[in-house]
Amino acid sequence: MIKNTISIALCFIAFSAWTQTSPSKSTLKKIDRFLSEQQMKWNIPGMAVTIVSADEVLLSKGYGVKSVDTMDPVDDKSLFAVASNTKAFTAAAIGMLVDEGKLSWDDKVRDYLPYFELYDPYVSANMSVRDLLCHRSGLATFSGDLIWYGSNYSREEVIKRAKYLEPKYDFRAHYGYQNIMFIAAGEIVAKVSGMTWDQFIDERFFTPLGMKDSNTSISSFNAQSNVTTPHNEKDGANHTIDWVNWDNIGGAGAINSSSSEMAKWLQLQLNQGQLGDSTLFSKSVSREMWTIQTPKKISSWSESMLPSKTMNGYGLGWDIFNYQGTRVVTHGGGYDGMISQTIILPEENLAFVVLTNSINYLPFILTYDLIDQLLEVEEKSKLNEFLYENKLEEAENSKTAAAEKEASRIQNTQASLELAKYAGTYGGPMYGNCVVRVIGDQLAFQFEPTPIFRGTMRHWHFDTFELNWGTKMMLPSGTVQFIIGTDGEVEEMKIVVENPDFDFSEL
């Protein structure tokens, strides 16, 4: 009797999978209207969204404009930077090489990159390919990102300079989101395959999937390219900013694509590596990528806002958690003036991608809002309104912070030394040098490895100067404090630029 019961249950599970239906046309129309409303509500210049099942495109559309300067409309073929959504491509590339018997997930990194070295010799010797792909190196989230960001360092040079980064956690003991480790994974793909990481991604993914406009470098753009422009929002208005070359981030975040072409990638994922009669990667590789390797805590905030989320972790190139009773496989991407999200619901045979050309919360929010609507659940996420109110508060807080900063300025002070005494070359082995010069009646600076990091310094008070960038970028202004030694000479320059991504204190 027990055996018969199990058989009936298994048949029911199989029947449920076979008879699974796609969202209704009315549901998709509601989602379309909702997306248009949200793009305007959140003051996002442009957005593209595509929703698919394993073998069908259910919705694919652009909203808003590619640039507030030209007002050309976005469509589902418009290119955006997908940034860290690249990491899943790199993990799948490693998986392909595993399928081919050319490496193992648990091979040592140094077997392929002899120059790989971190702060701790034990970690350097024992870091595995798997470790690179699941953020458990011991380094803090985003640690070392200033080495590659906008710099002229090659991928190999970025990896070599990581040896100067002090770990925050024990090896394999804690999640710490790490771009440099994924750059290393991309270089392993290059070493093992005999082609560059870029060539591998193009030949093994873009070409067979028909992602003809997707690329791994902004140098591929031309005047005819259907390309969006990144934006910053300031005082409620969107302003265009320049594209920044991310070639040296490679396997961690270099891909540019459209929602319609990223949807083909998501359909490959839903089909667990199958493309028609061909296999790009095996089901066992798919299972490995979608298995949690590094657990992540569920915060009290998340417990409160998303009570159905009870499991959370990182696989190989993918975030994995549960929500509304179903498994969610996802990743986000953050580029200068662009935010994106890819979402897969394996048990629901659904996936979607959200691309935007400003810094905003919406792709993260839509992860939950669209799941709620696609699954037609009654108890819906309250994230949208909560974070919208938070955005309004942030706008007010930024005005208050600016006023408080100005009020904290001590008036009628003078620098300890004449301007020429602050000029010089400051630096260290991890990053390189910053040159400070006197131009007219002010100081000017240039970070030598990073051409876009240049600008001027205005005296603030005592030996602190206000740092102002001379380029159109996403980073805010900051402060520079010169430390005077006992001999009366400048011995150090400390830079503070408040932002969530790049830790200038590491310099």
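Quick look at the numbers
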{"item": "Residue in the range 305-313 that is of a type in the set (Ser, Thr, Tyr) and not in a loop (DSSP other than H, G, I, E, B) present", "result": "no"}
{"item": "Selected residue [surrounded by fewer than 24 Cβ atoms within 10 Å (Cβ to Cβ) and outside any helix (DSSP H, G or I)] from Asp213, Asp202", "result": "Asp213"}
{"item": "Scope the range 363-382; condition touching a helix residue (DSSP H, G or I) at 6+ places or on another chain (Cβ under 6 Å) and either without any contact (Cβ under 8 Å) to a residue 60 or more places away in the chain or over 16 Å from Lys30 (Cα atoms) (or both); matching residues", "result": "Ile365, Lys380, Ser381"}
{"item": "Set Leu146, Leu103, Leu118: member being part of a loop (DSSP other than H, G, I, E, B), within 29 Å of Glu448 (Cβ to Cβ) and at pLDDT 95 or above", "result": "Leu118"}
{"item": "When residues of the range 442-473 are limited to those that are farther than 16 Å from Leu419 by Cβ and aromatic (Phe, Trp, Tyr), the one nearest to the chain's Cα centre (by Cα)", "result": "Phe453"}
{"item": "Boolean, Asp242 is in contact with a Pro (Cβ under 9 Å, 6 or more places away or on another chain) and of a type in the set (D, E, K, R)", "result": "yes"}
{"item": "For Ile320: the one exception among (1) of a type in the set (A, V, I, L, M, F, W, C); (2) closer than 25 Å to Gly250 by Cβ; (3) touching a residue at least 40 places away in the same chain (Cβ under 8 Å)", "result": "(3)"}
{"item": "Residue within the range 277-292 that is among the charged types (D, E, K, R), over 20 Å from the mean Cα position of the chain (by Cα) and surrounded by 20 or more Cβ atoms within 10 Å (Cβ to Cβ) present", "result": "yes"}
{"item": "Complete set of residues in the range 374-430 that are out of contact with any His (no Cβ under 7 Å at 6 or more places or on another chain), β-branched (Val, Ile, Thr) and not assigned by TED's automatic domain parsing to the domain that holds Gly325", "result": "Thr400, Thr425"}
{"item": "Where Gly251 falls short, out of the listed (1) closer than 17 Å to His331 by Cα; (2) crowded, with 21+ Cβ neighbours inside 10 Å; (3) in contact with a strand residue (DSSP E or B) (Cβ under 8 Å, 6 or more places away or on another chain)", "result": "(3)"}
{"item": "Members of the range 459-487 found to be over 19 Å from Gly334 (Cβ atoms), surrounded by fewer than 16 Cβ atoms within 10 Å (Cβ to Cβ) and free of Cβ contacts under 8 Å to residues at least 40 places away in the same chain, listed by number", "result": "Asn468, Gly470, Ser477, Gln481, Ile483, Gly485, Thr486, Asp487"}
{"item": "Every residue from the range 192-223 that is touching a helix residue (DSSP H, G or I) at 6+ places or on another chain (Cβ under 7 Å) and aromatic (Phe, Trp, Tyr)", "result": "Trp197, Phe200, Phe205"}
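Here is a yes/no grid of residues against (1) at pLDDT 95 or above; (2) in contact with a Lys or Arg (Cβ under 7 Å, 6 or more places away or on another chain); (3) of a type outside the set (Lys, Arg):
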| residue | (1), (2), (3) |
| --- | --- |
| Thr400 | no, no, yes |
| Ser408 | no, no, yes |
| Cys434 | yes, no, yes |
| Arg437 | yes, no, no |
| Phe462 | yes, no, yes |
| Leu467 | yes, no, yes |
| Ser477 | no, no, yes |
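Per-residue answers, yes or no, for (1) part of a loop (DSSP other than H, G, I, E, B); (2) at pLDDT 95 or above; (3) hydrophobic (A, V, I, L, M, F, W, C):
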position: Ser219; (1), (2), (3): no, yes, no
position: Ala223; (1), (2), (3): yes, no, yes
position: Thr229; (1), (2), (3): yes, yes, no
position: Asn245; (1), (2), (3): yes, yes, no
position: Asn248; (1), (2), (3): no, yes, no
position: Gln272; (1), (2), (3): yes, yes, no
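The values are calculated or read from the model by the stated rules, or taken from the named source; none is laboratory data. This structure is a prediction, so every number in the text was calculated from the model and none was measured. Virtual Cβ from ideal backbone geometry, glycine too; neighbours counted across all protein chains shown.
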